Amino acid sequence: MNAVNLNEAFVTDLIQQAFIYALPERKEKMERLNLQSTIHDLGIQSVAALEMAGFIEDRLNVQFSDDELAAINKLEDFATLIFKYS
Amino acid sequence: MLQAKSASPKYRRRERMYREYMEFFDRAEKTRRWHPFNDIPWEWMQRSTIAEQISDKKGLATEENVATCLETFCAVELFIPDYTQNGLNLSREIFGQAWFHLAWGYEESKHALTFREYLLRSGLRTLEQYMDFEEKILEKQWYLPFQTNREMACYGALQEVATYLIYAAQREKYKAENNPVLVQIFNLIGRDEAAHASFYRKFLQFEFEEDPLGAAEDLAHVIANFQMPGVELVPDFDQRLQTDGVGISTQVFLQRGIMPTLKEYGMTRRDMLQALHRRREREASLKPGSGRI
């Protein structure tokens, strides 16, 4: 497995963990999670999105900007921030 | 203005709310009073080209999505008697706050009048259609989504800013479409909403001064459980949200509603989450069977 795939797998796994942390009652939706899923489709409201961000920030010891967070529409956008700030 | 002679919290609250209300009232009387019939250029709709569009049901002024937006906004405003009644029940002993609710009700009532007027004058809805819609809407009743005065102030601050953002977007849309009637409608109504949001924020400022931890927990709780009134009140609201302009996205609400509100009280998003977790932990510990006496 090359480095790029490992990073993508790590990032996807991290986002899934963040989703479960923020929305444990929707754990069953994780089966259908992919990076193209929108936060709207997944029922991720404002606070849940912030909780996901906080979870990821704590794991990676980074701090996302509020403006970039507010612009998140898809899970892919979380991935973009993770790659950018790591 | 009289200065507070007593240090009691109740006296401070009443005196502060009186001052805030008088400032709100004074500014409204001097700069914001408007008449739904005299201050909107309804004559534009009688211009031959527009009248023809209305008659033929063509043109941007009469598109069905305009009707969906205005009808939805009107529907939410139709519950003003419920909003005012419930707000007064919470605040009746605090003059400034109770009188604000009365003034708020008056100002909001003009919004419903104006939306209805456009729906009818544009031909988007007949009087019979509108009356049927109104009757259906009023089968429901609005109840407080949160139980304390402070929580409802948090709710008011967020709900008014969300409404302002929706109306500001509408105003820009109709500027681009050269519809001066709707531009002026959303200009006047949006200005009212901004003033309402400002009053709620000032009310909350007082709450944060008196009890910063409690106010932070309430604000976090309301943010976590916030939804616009239309969700519970307006039929087919989820479907209506598919129409561009009826609502705002989570991203816009987060960036231009929640974040600025938190910043107003010196809170970061992490502070908000910590306050939310504190409250949830405390509520969980108080539940029967939690082991806590």
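Here A:Met30 clears all of (1) at the interface with another protein chain (Cβ under 9 Å from one of its Cβ atoms); (2) assigned to a helix (DSSP H, G or I) except the condition numbered (1). Residues that are away from chain A (no Cβ under 14 Å) and within 30 Å of B:Leu113 (Cα to Cα) occur in region B:217-230; there is at least one. Restricting attention to region A:41-65, report how many residues are within 12 Å of chain B (Cβ to nearest Cβ), in contact with a Ser or Thr (Cβ under 9 Å, 6 or more places away or on another chain) and in contact (Cβ under 8 Å) with a residue 24 or more places away in the chain. Total satisfying the criteria: 2.
Residue-by-condition table, conditions (1) farther than 26 Å from B:Asn178 by Cβ; (2) crowded, with 17+ Cβ neighbours inside 10 Å:
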{"residue": "B:Asn65", "(1), (2)": "no, no"}
{"residue": "B:Phe79", "(1), (2)": "yes, yes"}
{"residue": "B:Gln97", "(1), (2)": "yes, yes"}
{"residue": "B:Glu117", "(1), (2)": "no, yes"}
{"residue": "B:Phe133", "(1), (2)": "yes, yes"}
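Within region A:49-86, can you find the residues that are polar (S, T, N, Q) and farther than 15 Å from B:Arg269 by Cα? Within region A:49-86, A:Asn61, A:Asn73, A:Thr80, A:Ser86 meet the criteria. With respect to the conditions (1) within 12 Å of the chain's Cα centre (by Cα); (2) at the interface with chain B (Cβ under 10 Å from one of its Cβ atoms), A:Ala18 falls short on a single one, namely (2). State yes or no: is B:Phe237 farther than 26 Å from B:Arg16 by Cβ and aromatic (Phe, Trp, Tyr)? Criteria met by B:Phe237.
Selection of region B:231-260 for residues being among the β-branched types (Val, Ile, Thr) and within 11 Å of chain A (Cβ to nearest Cβ) yields B:Thr250, B:Val252, B:Ile258.
Values in this text are rule-based calculations from the coordinates and carry no lab data. Bear in mind the structure is a predicted one, so any value in this text is a computation, not a measurement. Backbone-built Cβ (ideal geometry, glycine too); neighbour counts: all protein chains shown.
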